[in-house]
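Below: the structure, in C-alpha cells.
The values are calculated or read from the model by the stated rules, or taken from the named source; none is laboratory data. Since we're looking at a predicted model, the values are computed, not measured. Cβ sites come from the backbone with ideal geometry, for glycine too, and all protein chains shown count toward neighbours.
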C-alpha cells in the first residue's frame with residue numbers, strides 16, 4: 001500500500017467520522033419516533049418541522065410536541081438575534097482596530113499585544129462567562145442579555161481581527177503612503193483606500209461573528225442569568241431525561257441546509273467573478 005492510498009483512506013475515514021452523524025441526524029428528523037432514531041423507524045413525517053407553524057389544536061394533539069414550549073423557543077431565538085445585532089458590529093469594530101494596529105503600528109510590543117488581543121479566544125468559555133458576570137455584577141448590572149453581549153464580544157472580536165489582518169497584510173502599503181504624500185489625511189486614506197479594500201473581508205468576518213454568537217453555549221450559559229438564547233434553550237431541551245425531542249434534529253437540518261446553500265451560492269458567484 002502506497003503512502004497516497006494511506007492518505008486517501010485516512011481522509012475518507014475522517015470525512016465519514018465528521019459527516020456520518022449529520023446524515024443520521026437528518027434521517028432521524030423525518031422519522032415519527034421520539035427520541036430520534038434511525039433504527040426504530042415509525043414512519044415518514046414532517047411534523048418536527050411543522051412544529052413552528054402548526055395550529056394549537058394540532059400541537060396539543062401530539063403527545064411529544066405539546067410538552068414543548070414553542071413560544072419560549074421562538075423567544076430565545078429572538079434573544080439570540082438581539083445579542084448578535086450588538087455583538088457583530090462591536091466585534092467588527094474592535095477586530096478592525098486590532099488588525100490595523102498590529103499591521104500598521106511597528107513596535108517591539110507587537111508580539112505582546114498580539115497575545116493580549118488573542119488571549120480571550122484561548123480562554124475557556126466558562127472563565128469568560130463568569131468573569132463578565134462578576135465584573136458587571138460589581139457595577140450593579142444584573143445578569144441577562146447585556147452580560148451575554150459583553151461576554152461574547154470579548155472572544156468573538158478575535159475572529160474578525162484575524163480575518164482582517166490576513167487581508168491587510170496583502171494590501172500594498174505604497175498606496176496609502178502615496179496618498180499621504182499627496183496631502184490626504186489619514187482618515188481620508190482609510191475611508192477611500194483601506195476600507196474599500198477590506199469590504200470582502202468585513203463581510204466574511206461579519207458572517208463568522210454572527211455564527212459564533214448564535215451558536216455559542218459555554219460563555220453564554222454562565223453569563224445569561226435568567227435569560228435564554230437559541231443555543232442554551234437547545235442545550236436545555238437536549239438534557240431531557242427521556243431523550244431530546246426530534247425538533248432539535250429538524251432545527252439542525254435547517255441550519256445545515258442554509259449553511260450548505262450559502263456556501264454553494266458563494267462558490268458560484270466566486271467562479272463567475274473569476275471568469
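Quick notes on this structure:
- Taken residue by residue, the range 131-138 has at least one member that is in contact with a helix residue (DSSP H, G or I) (Cβ under 6 Å, 6 or more places away or on another chain), in contact (Cβ under 8 Å) with a residue 24 or more places away in the chain and assigned by TED's automatic domain parsing to the domain that holds residue 217.
- Selected residue (only one of 77, 51 is assigned by TED's automatic domain parsing to the domain that holds residue 236, over 30 Å from residue 194 (Cα atoms) and surrounded by 16 or more Cβ atoms within 10 Å (Cβ to Cβ)): 77
- The range 126-144: number of residues that are under 22 Å from residue 230 (Cβ atoms) and not in a helix (DSSP H, G or I): 3
- Checked against (1) more than 31 Å from the chain's Cα centre (by Cα); (2) in a helix (DSSP H, G or I); (3) surrounded by fewer than 10 Cβ atoms within 10 Å (Cβ to Cβ), residue 18 passes all but condition (1).
- Count - residues of the range 220-232 that are closer than 17 Å to residue 90 by Cβ and modelled with pLDDT under 90: 1
- Complete set of residues in the range 68-80 that are part of a helix (DSSP H, G or I) and touching a residue at least 40 places away in the same chain (Cβ under 8 Å): 72, 73, 75, 76, 77, 79, 80
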